[in-house]
Amino acid sequence: SVDVSVIRLTLSPCNSEPCILVRGKTVRLEIEFAAPRDVRAEIQEIRGSSGQGPQLIQFPEDDICAYWFPPCPIKAKKFYALLYRPRVNVNSK
């Protein structure tokens, strides 16, 4: 996002580089970031890339604020963490 600066991204389990994700298994995704200004919390997906092409992590349609620490609202000059445990899509490449 242009609205935050990512400080660290942690994906586990990740025992090698590149990380090998197993279809149907749950992973732990943690993103630490700072917000230079107040930001509305309305993330629906995170896009990334791998050797197999673009990857997409969708968030459930419920309250995204449940995954932030500290909780919403996202305020300027504060540090936050997003913790999410998605299941790897069985149809992923």
By the mean-Cβ-within-10 Å protection proxy, highest first, 6-16, 81-91 rank as 81-91, 6-16
The summed charge of the Arg37 Cβ neighbourhood (under 14 Å; Lys/Arg +1, Asp/Glu -1) stands at +2
Lys75 neighbourhood, Cβ < 15 Å, K/R = +1, D/E = -1, net charge +2
Summed over the other residues with a beta carbon less than 13 angstrom from that of Val27, with K and R at +1 and D and E at -1, the charge totals +4
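Any read-out appearing in this document is the output of simple, stated calculations on the displayed coordinates, not a laboratory observation. Predicted model, so just to flag it, every value in this text is computed and none were measured. Note: ideal-geometry Cβ built from the backbone for every residue, glycine included; neighbour counts use all protein chains shown.
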